[in-house]
Amino acid sequence: MNDINKQKTYFIDVQGTLIDDADRLPIRGSVEFIDSLNEQKIPYMVITNNTKHSSEEFLNYLNSIGLNIKKDHYLDPLMLLESKIAKDEGLAAYGTKEFLNVVVSMGYTLDYENPKTVLVSIKNDYNSEEYAQIIDFLLSGAKLVGMHETTIYAKNSKRYPGVGAILKMLSFATSVSYEVVGKPSDNFYKEALSRVKQQDETIEFGDITIISDDVKGDLTGAAIFGMKTVFVLSGKYRKAEEIIPLLKEDEKPDFIFNDMQEVMERL
């Protein structure tokens, strides 16, 4: 493997990487890792697929638990939603109550009669009636958009299909293609690069190491851009053997560590 020390710019996931999926508190080494980047003035972006809270609220929460992340080092899909879906479009949104509240607070009007767009986010209790309604909308001409394309959603020590899995199911059922707002979409990674360039204008994708617990939902898309990939076993997967043997060679991460503490020890 290449030496991780050569990579001095970072994209860092949050859930399962910086904070635990269960108690939402920092994972071992997370606070120290962010502090080290800040102290050494190493360029980085925290890139999360947060959709349950407004961007400001979630960043404030991360700060409150000791993760000293500044506003210009943070990006989530809600910050790019308006570039994908106009506020005057009829929008049928699906996800947690918190997500729906955030969407409404952003100025969108929810329409479950004749929407132009179906917007899918994460929750653990999707039911067949919701899927039936979504399919009807898609077959009637609505476009399909996902807030992100995660593979697995971890909650209460259980693992559920992520938004990416749901999008693929709906696309297979209807032959409707879909777009993605957050990770691992090209637009999201390009926006993250644009923002990290404000810290150092010479940075390109090949200079970046991305760290995440979602090897397919985050890292494989990043690798296409030439980023180095670090897979941490502190979130969706607790053992590399659960997923690595099932991946194609070009999907496998460059590095595998247990948690951010191990990543930090290689800085």
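Is one or more of the residues making up the range 21-39 under 25 Å from Lys143 (Cα atoms) and at pLDDT 95 or above?
Checked the range 21-39: no residue is under 25 Å from Lys143 (Cα atoms) and at pLDDT 95 or above.
Can you confirm whether the range 225-238 contains a residue that is assigned by TED's automatic domain parsing to the domain that holds Leu25 and within 19 Å of Met147 (Cα to Cα)?
Checked the range 225-238: at least one residue is assigned by TED's automatic domain parsing to the domain that holds Leu25 and within 19 Å of Met147 (Cα to Cα).
So which of Ile12, Ile69, Ile19, Ile47 is assigned by TED's automatic domain parsing to the domain that holds Asp259 and over 25 Å from Gly146 (Cα atoms)?
Ile69
Answer yes if at least one residue in the range 161-181 is crowded, with 19+ Cβ neighbours inside 10 Å, closer than 29 Å to Asn38 by Cβ and modelled with pLDDT of 95 or more, and no otherwise.
Yes, because at least one residue in the range 161-181 is crowded, with 19+ Cβ neighbours inside 10 Å, closer than 29 Å to Asn38 by Cβ and modelled with pLDDT of 95 or more.
In the range 243-267, how many residues are farther than 16 Å from Ile27 by Cβ, part of a helix (DSSP H, G or I) and out of contact with any Leu (no Cβ under 9 Å at 6 or more places or on another chain)?
5
Select from the range 62-81 the residues that are under 17 Å from the mean Cα position of the chain (by Cα) and over 23 Å from Gln199 (Cα atoms) and list them in ascending order.
Correct list: Leu81 only.
Residues of the range 41-87 being of a type in the set (Gly, Ala, Ser) and either touching a Gly at 6+ places or on another chain (Cβ under 7 Å) or touching a residue at least 12 places away in the same chain (Cβ under 8 Å) (or both), which ones?
Correct list: Ser54, Ser55, Gly66, Ser83.
May I ask you to verify whether Leu138 is in contact with a helix residue (DSSP H, G or I) (Cβ under 9 Å, 6 or more places away or on another chain) and surrounded by 15 or more Cβ atoms within 10 Å (Cβ to Cβ)?
yes
The values are calculated or read from the model by the stated rules, or taken from the named source; none is laboratory data. Just so it is clear, the structure is predicted and the values come from calculations on it, not from any experiment. Every residue, glycine among them, receives a Cβ derived from its backbone with ideal geometry; neighbour counts consider all protein chains shown.
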